[in-house]
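**Student:** So that we are looking at the same thing, I have put the structure below in structure tokens.
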Amino acid sequence: MLQTEFSVRANDLAENFRNSVGKLRLGPSGYTPDMTAPEGLSTGGGVQSMQHVRLLPPEPGMPTLVVGHLDQRQRTAELHTFDHVDAICRERFKQGAPFELAQYEALLGSMQEFLTACGMTVRRAGLPQKPSPGEEKFVAPAHANALLLLTAAVVLFGILAAALVWFFKK
């Protein structure tokens, strides 16, 4: 079966990543660095070109940790800092990252070297942005309440008018 150019490049990149950086192990539990590859024969001309960089757990039941992503079409990559990964682990799993800062920094350096050598522009993403208190929930503008009341009044008036027409038509 024939694959598109982007799909071939993405699969080759993921395979090369596994054969180099993927041989490293992280932390006492031994997380394995990995990169996703496209599932199909095409990425839609590069439209679906996002690949994730992740840490695979050594045992079933442990979480897979997404630590970055890249876009071959844009030739860019983003790797999450230790603070970012630790914050996500605390939020989702109620405990910190299952490895030490120094170990992760060394792995991050290896991943960045690999991606840079592959022609990617790599940036590191710090702590994930939390929405400000006003953004957390939808707050209707003040005029929305007036519009709602006006709509309810029109509907009630329509029902009343229809009832009167029906009543006097008898």
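**Student:** Which of the numbered conditions does A97 fail, given that it passes all the others? Conditions: (1) over 22 Å from N19 (Cα atoms); (2) out of contact with any Cys (no Cβ under 6 Å at 6 or more places or on another chain).
**Tutor:** Here A97 clears every test but (2).
**Student:** Name, by its number, the condition in (1) within 17 Å of the chain's Cα centre (by Cα); (2) modelled with pLDDT of 90 or more that does not hold for V47.
**Tutor:** Result: V47 fails condition (2) only.
**Student:** Which of the residues that make up region 83-95 are over 13 Å from Y31 (Cβ atoms) and surrounded by 12 or more Cβ atoms within 10 Å (Cβ to Cβ)?
**Tutor:** Scanning region 83-95 gives D83, H84, D86, A87, I88, R90, F93.
**Student:** Continuing with this model, one more query. Among (1) in contact with a Cys (Cβ under 9 Å, 6 or more places away or on another chain); (2) of a type outside the set (D, E); (3) closer than 14 Å to L55 by Cβ, where does V85 come up short?
**Tutor:** (1)
**Student:** Oh, and also: With region 54-148 as the region, which helices (runs of 4 or more DSSP H) entirely inside it contain at least 2 residues that are at pLDDT 95 or above?
**Tutor:** Answer list for region 54-148: 82-93, 101-117.
The values are calculated or read from the model by the stated rules, or taken from the named source; none is laboratory data. What you see is a predicted model; the values in this text were computed from it and never measured. We place every Cβ from the backbone using ideal geometry, glycine too, and count neighbours over all the protein chains shown.
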